[in-house]
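To start, the structure under review is shown below, and the notes come after it.
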Amino acid sequence: MSNTRTIDGVAKDAVPGPRDAKNGARPQGAGGKGDDEGKVLNVFSHGFLILWSVMIVLPLIWLLLGSFKTDTEIGSSAWSWPSNWNFDAFGRAWEKGIGDYFANTLIVLVFSIPLTMLLGAMAAYVLARYEFPGNRFFYYFFVAGAMFPVYLGLVPLYFLIDMLGMLNTYQGLILVYVAYSLPFTVFFMHAFFRTLPTAIHEAAVIDGASHTRIFFQVMVPMAKPGLLSVGIFNVLGQWNQYILPMTLMQQQSGFDKDRSVLTQGLVLLNQQQGYEGDLPVIFAGMTIAMLPVIVVYLSFQRQVQSGLTAGTLK
């Protein structure tokens, strides 16, 4: 069958018919180099993500398997399955102090996370929605705080907390955690509050609502995705913090209560082993430390993603 059509007595090449389309033919100029570059980019990006996932997941699996093994099994093969799936190592780790360190960490975060979110959201809301002299100065002051390495402030921070009499106290570490997390919280929530519609805010003002009521009853519910996202990041950052509690949570005498947090406890647990070499206990302690973080993130990952994307759209 000919693929030509006669128009005004002149034979013209016809547009490819159904049979040509079925055979994969397409008009000249379609696709080409752009499609090939897109495929290469997709292959590269997916390959990188797969490699990154393997680098993250394999150590976690190795850690979890080691929690159920004996010392001999850990030394013989890193990836073999345990001969007996029991929780003896977890019990020994808990008895050796992991339970107390876990409780200390929860006590600190129960107060530090709400304080960080409250103060950070209030500061970000004012800087994002109100114009006043010094607005930009205070905003960039918080941004600069997010770029300041915490290591440079350890020595003056230690002397400041010591002068306040808060060394090896929950309240001292809570205040430092709040100050440590505020810059990122303000930076993130400032961008989020600026994307919220102004019409609702103006309607609340016209109705006579106070600034406090507008913030807590209007703006905070609208900013819930952003608050949840930055809250998860703050939980992860404060839960895994090591250098700050290592500097500030030190027993001043033998009569002081040990208020070490979980990251300190894992190091102390390793030091207590000495020549005993009870590796399953260390593996179990690290598993206990990482499980709450993984559960929190997996439970709220959709809200985190929606909060991150909502903050970039207006």
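Values computed for the structure shown
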quantity	calculated
Any chance Asn86 is in contact (Cβ under 8 Å) with a residue 12 or more places away in the chain and in contact with a Lys or Arg (Cβ under 8 Å, 6 or more places away or on another chain)	no
Where a residue in region 140-155 is under 17 Å from Gln241 (Cα atoms) and its partner, wherever it lies, is surrounded by fewer than 13 Cβ atoms within 10 Å (Cβ to Cβ), with Cβ under 8 Å and at least six apart	Val150/Ile243; Tyr151/Ile243; Leu154/Ile243
Asp258 among the charged types (D, E, K, R), within 15 Å of Ala93 (Cβ to Cβ), in contact with an Asp or Glu (Cβ under 9 Å, 6 or more places away or on another chain) and modelled with pLDDT under 85	no
3 or more residues among the β-branched types (Val, Ile, Thr) and within 29 Å of the chain's Cα centre (by Cα): qualifying helices (runs of 4 or more DSSP H) within region 63-155	99-129
The listed residue being within 23 Å of the chain's Cα centre (by Cα) and either open to solvent by 70 Å² or more (accessible area, probe 1.4 Å) or touching a residue at least 40 places away in the same chain (Cβ under 8 Å) (or both), out of Phe187, Phe159	Phe187
Some residue of region 215-238 being of a type in the set (Ser, Thr, Tyr) and either part of a loop (DSSP other than H, G, I, E, B) or more than 14 Å from the chain's Cα centre (by Cα) (or both)	no
Candidate set from region 115-138 (those that are under 14 Å from His201 (Cβ atoms) and not hydrophobic (A, V, I, L, M, F, W, C)); member that is most open to solvent (accessible area, probe 1.4 Å)	Glu131
Search result, residues across region 190-199 that are open to solvent by less than 60 Å² (accessible area, probe 1.4 Å) and either of a type in the set (Val, Ile, Thr) or free of Cβ contacts under 8 Å to residues at least 60 places away in the same chain (or both)	Thr195, Leu196
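Here's the yes/no breakdown for (1) open to solvent by 30 Å² or more (accessible area, probe 1.4 Å); (2) in contact (Cβ under 8 Å) with a residue 12 or more places away in the chain; (3) over 16 Å from Gly120 (Cβ atoms):
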{"site": "Leu164", "(1), (2), (3)": "yes, no, yes"}
{"site": "Ile174", "(1), (2), (3)": "no, yes, no"}
{"site": "His201", "(1), (2), (3)": "no, yes, yes"}
{"site": "Ser210", "(1), (2), (3)": "yes, no, yes"}
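The values are calculated or read from the model by the stated rules, or taken from the named source; none is laboratory data. Because the structure is a prediction, the values reported are computed rather than measured. Neighbour counts are summed over all protein chains in view; Cβ atoms, including those assigned to glycine, are modelled from backbone coordinates with ideal geometry. These area figures cover heavy atoms from the full protein model, side chains too; ligands, DNA and RNA do not enter into them. Shrake-Rupley method; radii C 1.70, N 1.55, O 1.52, S 1.80 Å.
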